Amino acid sequence: MLAAATFLSTGSAVACVMEAPLPGETAEAAQARWRSEAQASALRTQRDLWTQADRVFVATAAEPEPPEAPRYDPRRDGPPRPPRLVMVDVNGFERTMILTPSTALKGAPPLRAFEVIDSAAMTTCGYRFRFNSGGLSDKEPVVVFSTGAYPTRDRVLDALSFERIVDPEIRAALDRAGAAR
């Protein structure tokens, strides 16, 4: 194997490194080194998120219920109109997720649920997701890092599933709060 891709997540930015093994390095040793570098990068990123965030809390991600379609009434709505043209980006998607805060890890959590838009875009390294380096999953508890008084799209730094947490300090905070599985 001459090259392998290592994906390093830094919140909303993803670096893709195509790298050949070092001279004399076996493919297995190169894979182990790449895994180690990716884990070190994830640890640095999570420590930076913890430092930058005013609030860190556990929330449950959920997809909102679809709105009920309006009923067509020809007396009220007039003749039917053709559907409007919608441009679709086949290389990416966006979906709204509702995050319901439950447990504070740092600072006070928001008092009510809020919406975020989870998006993905195709890059030369594969899909890049806005949150969680793999998208938010329905009914999944996540650790949310946010700044400011109330979380908004720009103030939510990242949302990570429990499985992606590698920082021992964040894991300890989850244990102290009784939020870890």
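The values are calculated or read from the model by the stated rules, or taken from the named source; none is laboratory data. For clarity, every value in this text was computed on a predicted model and none was experimentally measured. Note that we place each Cβ from the backbone using ideal geometry, even for glycine, and neighbour counts take in every protein chain shown. The accessibility values were calculated without ligands, DNA or RNA, using every heavy atom of the protein model including side chains. Shrake-Rupley method; radii C 1.70, N 1.55, O 1.52, S 1.80 Å.
Between residue 76 and residue 63, full extension at 0.36 nm per residue minus the direct alpha carbon distance yields a gain of 1.5 nm. Surface composition of the range 31-169: carbon and sulfur make up 54 percent of the accessible area, probe 1.4 Å.
Give the shape of the range 26-181 as rounded, prolate or oblate, defined through the alpha-carbon gyration tensor: a ≥ b ≥ c are the square roots of its eigenvalues, a/c under 1.5 means rounded, and otherwise the shape is prolate if a/b is larger than b/c and oblate if not. It comes out oblate by the Cα gyration axes. Provide the FRET efficiency to the nearest 0.05 for the residue 108-residue 29 pair, computing r from the beta carbons and using R0 = 30 Å. FRET efficiency, residue 108 to residue 29: 0.05. Going by the alpha-carbon gyration tensor, a ≥ b ≥ c the square roots of its eigenvalues, is the range 108-181 rounded (a/c under 1.5) or, if a/c is not under 1.5, prolate (a/b greater than b/c) versus oblate? Here the range 108-181 falls in the oblate category. In order along the range 68-79, the Karplus-derived 3J(HN,Hα) couplings, from 6.51 cos²θ - 1.76 cosθ + 1.60 at θ = phi - 60°, round to 6, 5, x, 7, 7, 10, x, 5, 8, 9, x, x Hz, and Gly and Pro are given as x. Converting phi to 3J(HN,Hα) with the Karplus coefficients 6.51, -1.76 and 1.60 and the offset θ = phi - 60°, the range 144-157 yields 9, 10, 9, 10, x, 6, 9, x, 10, 4, 7, 8, 7, 6 Hz in sequence order, with x at every glycine or proline.
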